[in-house]
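> Dropping the structure in here first, questions after.
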Amino acid sequence: MLASLVVAFAALRAGMRLRQARLGRARRDPAQRARHLRLARPAVWLVLLGFAGGPVSMLWLRSERPFGTAHAVAGCLAAALFVAAAVLGRRLESGRGRPVGAHALLGVLAMLAAALAAVAGFVLLP
């Protein structure tokens, strides 16, 4: 999960550079969008894969309830926010609407929820 969050953070940084360029605060580089997409797509899949592995790990490796911790609640929130940001990102990519602000907000909230889940997960470490 740590590696997926590093990739997601890199995608967030690339997205923030796109936002700065869109607002006229930075130089627009045509490769920025491609970099953001190249990082964001695998980041979402990796986060969701890690999210799916959490309950499996709790059931099979620890014999505990899979959704009985604060880590699980924060993980569910993070996964939902990542999916929502991905859906809006897909709409932006295909040209169906311009939900740029909502996409950016969801991306930031997803990373914050993921950071919260990571901190809440420390107590679960062996």
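What follows draws every value from the coordinates through simple rules; no lab data is involved. Predicted, not measured: the structure shown is a model, and the values here were computed from it. We place every Cβ from the backbone using ideal geometry, glycine too, and count neighbours over all the protein chains shown.
> Do you know the relative contact order of the stretch 2-124, to the nearest whole percent, from alpha carbon pairs under 8 angstrom that are 6+ apart?
Working: 124 pairs, mean separation 30.6, N = 123.
Taking the mean separation of contacting Cα pairs over the length of the stretch 2-124, I get 25 percent.
> To the nearest 10 degrees, how steep is helix 70-94 against the longest Cα principal axis of the chain, on a 0 to 90 scale?
The two axes meet at around 30 degrees.
> Subtract the Cα-Cα distance of Leu112 and Met16 from 0.36 nm times their separation in residues, and report this length gain in nm to one decimal.
Numbers: separation 96, 0.36 × 96 = 34.56 nm, distance 1.46 nm.
Full-extension gain reported as 33.1 nm.
> Further, regarding this structure: Angle, helix 100-121 long axis vs. longest principal axis of the chain, Cα atoms, 0 to 90°, nearest 10?
In the chain, helix 100-121 runs at an angle near 30 degrees to the longest axis.
> Write out the trypsin sites (Lys or Arg not before Pro) in the stretch 63-100 meeting two conditions: DSSP loop, and at most 10 other Cβ atoms within 10 Å of their Cβ.
Hits after loop and neighbour filter: Arg96.
> Ok, one more. Can you give me the angle between helix 31-60 and the longest principal axis of the chain, using Cα atoms only, in degrees from 0 to 90, rounded to the nearest 10?
Taking Cα atoms only, the helix is inclined about 10 degrees.
> If each residue of separation counts as 0.36 nm, what is the full-extension length gain between Val123 and Leu2 once their alpha-carbon separation is subtracted? Intermediate values should be presented prior to the final figure.
Numbers: separation 121, 0.36 × 121 = 43.56 nm, distance 1.55 nm.
So the chain would gain 42.0 nm between Val123 and Leu2.
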